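The structure appears below as structure tokens.
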Amino acid sequence: MLRPKIPTMPTPVGVTAPPAVVQPTAVEPAPQPMAPAAAPVVPTTRPTVQITPGSVLAVVGAGTAVVLVIGTVLVSMLLATAVTAASVAVCAVVVRSLLNGQRRQR
């Protein structure tokens, strides 16, 4: 059916020069400057993260609060959608009743 056109490389016109040959060269490393003496490192005796019963309780409480807030927001959005749908349905019934009433009066 449809075939794509593949571009072709045009042939060079006129005199062309052969490609230049590149000769490899040696790489010499730069001299390294003298580094200053490092200060001795004092090891710490206490752990980096301390987990206490109070901190565990705080993390659990914060997680519970986040879950409750997100759940409340989602439920309220669902409730708003349901109330909107019900009010639209009631409006549709009222408009239908009004239109049927006008047809009977003619």
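The values are calculated or read from the model by the stated rules, or taken from the named source; none is laboratory data. Treat the numbers as computed from the prediction; the structure is a model and nothing was measured. With ideal geometry, Cβ positions are generated from the backbone for all residues, glycine too; neighbour counts draw on all protein chains shown. Heads up: the accessible areas ignore ligands, DNA and RNA and are worked out on the full protein's heavy atoms, side chains in. Shrake-Rupley method; radii C 1.70, N 1.55, O 1.52, S 1.80 Å.
Some observations on this one:
- ³J(HN,Hα) computed for each position of region 63-71 - Karplus, 6.51 cos²θ - 1.76 cosθ + 1.60, integer Hz, glycine/proline x: x, 4, 5, 5, 5, 5, 5, 5, x
- Percent accessible area from carbon and sulfur atoms, the chain, protein chains only, probe 1.4 Å: 71
- Each residue, Arg104 and Lys5, gets one label point 7 Å from its Cα in the Cβ direction; the gap between the two is 7.3 nm.
- Shape metrics for the chain, restricted to C-alpha atoms - Rg then Dmax, Å: 40.4, 107
- Val22 - accessible surface, heavy atoms, 1.4 Å probe, Å² rounded to 10: 130
- Within the chain, helix-based [θ] at 222 nm, where runs of 4 or more DSSP H residues each add -39,500 (n - 2.57), nearest 500: -19000 deg cm²/dmol
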